[in-house]
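Engineer: The structure under discussion is supplied below as structure tokens; questions concerning it will follow.
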Amino acid sequence: MYDWAKSAFETSVTVAILPAWFAYLFLEANGLTGTVIGVEMSSDAAWSLAVTLGTLLVAIVSPSIGVIADRKRIKMKALKWMTWIGAGSVFLMAFAPLFSISMQWMWIFILFLLANVGLNAAGVFYNALLPYQGEDHEMDSISNKAYAYGYLGGGLLLVFHLGLVLGVNGDWVVPFCIASSGIWWFGFAWFTFAYVAEPEIEDEIEDLTLKDATRLGTSEVVKTLKEWRNFRTLFIYMLAYFLFIDGINSVTSLAGAFGIAVLGLTMTDLIITIVVIQFVAFPAAFFFTWLAERTSTKKALTFSLVMWCVMIVGALSFAPLALEEHEEYDYQADWDGQSYAITVRSLDLVGVGDEDQDFKEQWENILPFCQDCSNNHFIEDTNGSADLENMTAFLAANEETRFSVSVVGGDLGNSTMVGNNHPSNLGDGKLDFIPSTVREHVWAPLGITVFFQWLILGCLAGLLMGGSQGLARSLFGQMVPETRSTEFFGFFGFFGKVAAFLGPMIYTTLAVMFDSRVAIASLAILIVAGTIMMRWVDVEDGIAVANAEDMRNRSMAEGE
């Protein structure tokens with residue numbers, strides 16, 4: 001139920017609603033860029049900074065925190081504290097409208113940072129409870145059920161929130177959705193607090209000051225790193241986990257940007273896919289539990305990793321179909337007898353980046369966007385129109401853009417222009433032969449549009465997420481000594497958080513050097529490397545070492 005609880009923040013807040021609201025408030029207060037901790041940055045950079053600071057802070061201290069939690073009975077107490085911080089910060093975000101416009105984005109920035117600290121720190125203690133909840137053979141079921149409940153809970157609340165955002169007008173809607181996510185997190189977490197007992201500790205240290213705790217945590221972490229040979233299997237697995245979880249997390253975090261920039265999807269398309277993923281991942285987690293019981297945790301996890309690579313290769317084959325109908329073009333101009341009336345396929349078409357701002361300013365006299373609003377807004381206005389001269393210039397100007405234009409009637413007749421950078425234009429990239437070939441022989445003959453291609457990808461991602469994440473955690477839980485569970489899950493969290501930097505860095509580098517398809521393909525290399533390392537993970541040896549360490553620690557405690 002704790003997964004069910006915290007998923008409200010991970011889906012509705014972090015993915016679906018808050019990024020857009022934060023960007024809107026940031027742009028209202030600053031324009032395109034503002035000063036954050038003395039550095040000039042855009043809204044997406046500020047958002048990324050809040051995520052990075054929150055995760056990095058917890059990643060650095062989590063192994064030391066884990067050592068302390070293994071010496072004192074504070075796992076459940078710490079989980080409650082971190083939930084108060086995380087859920088409380090989410091709830092307080094809703095009060096941003098009470099401040100001046102220049103303070104609203106700062107209020108959200110600070111509280112979002114605190115919410116991430118609460119989420120990631122809570123995860124250390126929450127995961128450390130796993131080995132105490134059952135025997136080794138039950139780890140797969142427990143871990144996967146937790147992820148399954150998280151996907152279902154997050155999906156249900158996300159559907160409710162999206163119904164409000166898309167169907168109800170009012171300034172109160174977004175703050176209400178944010179506040180209810182905090183209440184959801186804290187409210188359902190009480191099931192965990194009420195029914196999960198604080199694990200017993202044989203050699204508990206009663207009096208532990210903050211200074212002593214810090215010194216103990218640091219020294220024990222150094223000691224653990226020095227004795228890695230004693231836990232060779234566990235450390236090999238952590239390295240494998242570092243690689244494949246980096247690839248998986250990078251795919252999920254960068255998929256939205258890939259879908260919009262490369263495939264031309266809209267934000268609505270992405271949100272629908274997020275909802276589909278949540279509900280597909282729910283039963284998939286139970287399927288992988290069944291698969292692990294029929295084979296083994298290691299084999300089921302390896303199978304899911306191989307399928308992640310298949311999915312990435314499949315993503316390379318996606319491509320929008322060639323534009324045919326007038327309504328499929330981004331900008332549609334129709335002759336009304338006096339001028340060309342222009343409509344847009346989607347308001348998501350023009351973003352808030354510098355290029356999009358320049359494009360809108362250059363053509364705002366003819367584009368159907370609100371003329372009385374600041375350039376940070378893109379609100380449809382049916383009065384967009386152009387004469388023959390302007391329409392001819394607009395057609396020519398779009399040749400070097402990512403947009404498409406279709407003109408019907410008047411002196412221009414049935415004219416079209418598909419920009420060189422439009423998603424449907426293939427052939428220039430290193431790997432464009434893949435989507436070009438598949439589009440010609442599969443997508444076009446079957447009439448499968450890029451949205452349904454993307455939906456197929458979402459279903460496969462949901463299927464694999466429910467298995468790979470749960471099994472990765474349960475396999476680690478089987479090889480972790482109960483008496484040092486929080487310490488090792490601190491390392492587990494550390495590796496997961498540090499891994500979050502490598503994949504995006506590789507993606508960015510290769511996208512700049514080559515293109516986005518080469519960049520997304522490179523992420524499969526990380527998963528392949530992690531999968532290969534799984535060959536050297538001897539699970540039976542890892543479990544035996546963990547049991548021996550527990551026996552040693554318990555006998556020492558009894559001796560004292």
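Engineer: If you take just the helices (runs of 4 or more DSSP H) that sit entirely in the range 435-533, which of them hold at least 2 residues that are in contact with an Asp or Glu (Cβ under 6 Å, 6 or more places away or on another chain) and either open to solvent by 10 Å² or more (accessible area, probe 1.4 Å) or modelled with pLDDT of 85 or more (or both)? Working first, answer last.
Structural biologist: On the way: elements: 450-478, 485-513, 516-533.
Fully inside the range 435-533 and qualifying: 450-478.
Engineer: Also, quick follow-up: Among the residues of the range 311-335 satisfying the criterion of being open to solvent by less than 20 Å² (accessible area, probe 1.4 Å) and part of a helix (DSSP H, G or I), which is farthest from Ile248 (Cα to Cα)?
Structural biologist: Leu316
Engineer: Could you list all residues from the range 401-434 that are farther than 22 Å from Pro368 by Cβ and outside any loop (DSSP other than H, G, I, E, B)?
Structural biologist: Listed by number, the residues that qualify are Phe433, Ile434.
Engineer: Inside the range 147-192, can you point out the residues that are under 24 Å from Leu129 (Cβ atoms), open to solvent by 20 Å² or more (accessible area, probe 1.4 Å) and in contact (Cβ under 8 Å) with a residue 12 or more places away in the chain?
Structural biologist: Within the range 147-192, Tyr147, Tyr149, Leu152, Ile183, Trp184, Phe186, Gly187, Phe188, Phe191 meet the criteria.
Engineer: What do you reckon, is Ser102 surrounded by fewer than 22 Cβ atoms within 10 Å (Cβ to Cβ), part of a helix (DSSP H, G or I), of a type in the set (S, T, N, Q) and at pLDDT 85 or above? Steps first, please.
Structural biologist: Values: surrounded by fewer than 22 Cβ atoms within 10 Å (Cβ to Cβ): yes; part of a helix (DSSP H, G or I): yes; of a type in the set (S, T, N, Q): yes; at pLDDT 85 or above: no.
For Ser102, the condition - surrounded by fewer than 22 Cβ atoms within 10 Å (Cβ to Cβ), part of a helix (DSSP H, G or I), of a type in the set (S, T, N, Q) and at pLDDT 85 or above - is not met.
Engineer: So, Gly419, is that one within 30 Å of Ile448 (Cα to Cα) and in contact with a Ser or Thr (Cβ under 7 Å, 6 or more places away or on another chain) or not? Can you show your working first?
Structural biologist: Numbers: within 30 Å of Ile448 (Cα to Cα): yes; in contact with a Ser or Thr (Cβ under 7 Å, 6 or more places away or on another chain): yes.
Considered against the rule, which asks whether it is within 30 Å of Ile448 (Cα to Cα) and in contact with a Ser or Thr (Cβ under 7 Å, 6 or more places away or on another chain), Gly419 comes out as yes.
Engineer: Given the criterion modelled with pLDDT under 80, closer than 24 Å to Met556 by Cβ and either open to solvent by 70 Å² or more (accessible area, probe 1.4 Å) or touching a strand residue (DSSP E or B) at 6+ places or on another chain (Cβ under 6 Å) (or both), identify the matching residue among Glu227, Glu202, Glu220. Give the derivation first.
Structural biologist: On the way: Glu227 fails: either open to solvent by 70 Å² or more (accessible area, probe 1.4 Å) or touching a strand residue (DSSP E or B) at 6+ places or on another chain (Cβ under 6 Å) (or both); Glu220 fails: either open to solvent by 70 Å² or more (accessible area, probe 1.4 Å) or touching a strand residue (DSSP E or B) at 6+ places or on another chain (Cβ under 6 Å) (or both).
Checking each option against the conditions leaves just Glu202.
Engineer: Right, something else. If Tyr132 satisfies every condition in (1) within 30 Å of Gln478 (Cβ to Cβ); (2) out of contact with any Pro (no Cβ under 8 Å at 6 or more places or on another chain); (3) at pLDDT below 85 but one, which is the exception?
Structural biologist: Unmet for Tyr132, out of (1) within 30 Å of Gln478 (Cβ to Cβ); (2) out of contact with any Pro (no Cβ under 8 Å at 6 or more places or on another chain); (3) at pLDDT below 85: (2).
Engineer: Looking only at the range 336-355, which residues are modelled with pLDDT of 85 or more, open to solvent by 10 Å² or more (accessible area, probe 1.4 Å) and outside any loop (DSSP other than H, G, I, E, B)?
Structural biologist: Ala341
Engineer: State whether one or more residues within the range 283-298 are under 19 Å from Ile248 (Cβ atoms), part of a helix (DSSP H, G or I), free of Cβ contacts under 8 Å to residues at least 24 places away in the same chain and open to solvent by 60 Å² or more (accessible area, probe 1.4 Å). Full working, then the answer.
Structural biologist: Step one: filter the range 283-298 for residues under 19 Å from Ile248 (Cβ atoms), giving 284-285, 287-289, 291-292, 297-298.
Okay, now just the ones that are also part of a helix (DSSP H, G or I), so 284-285, 287-289, 291-292, 297-298.
Now narrow it down to the ones that are free of Cβ contacts under 8 Å to residues at least 24 places away in the same chain: none.
Taking every residue of the range 283-298 in turn, none turns out to be under 19 Å from Ile248 (Cβ atoms), part of a helix (DSSP H, G or I), free of Cβ contacts under 8 Å to residues at least 24 places away in the same chain and open to solvent by 60 Å² or more (accessible area, probe 1.4 Å).
Engineer: Looking at (1) under 21 Å from Arg345 (Cα atoms); (2) in contact with a Lys or Arg (Cβ under 6 Å, 6 or more places away or on another chain), which is the one condition that is false for Ser415?
Structural biologist: Result: Ser415 passes all but (2).
The values are calculated or read from the model by the stated rules, or taken from the named source; none is laboratory data. Bear in mind that the values here come from a model prediction, so they are computed numbers and not experimental data. Cβ atoms come from the backbone with ideal geometry, glycine included; neighbour counts cover every protein chain shown. These accessible areas exclude ligands, DNA and RNA; they are computed on the full protein's heavy atoms, side chains included. Shrake-Rupley method; radii C 1.70, N 1.55, O 1.52, S 1.80 Å.
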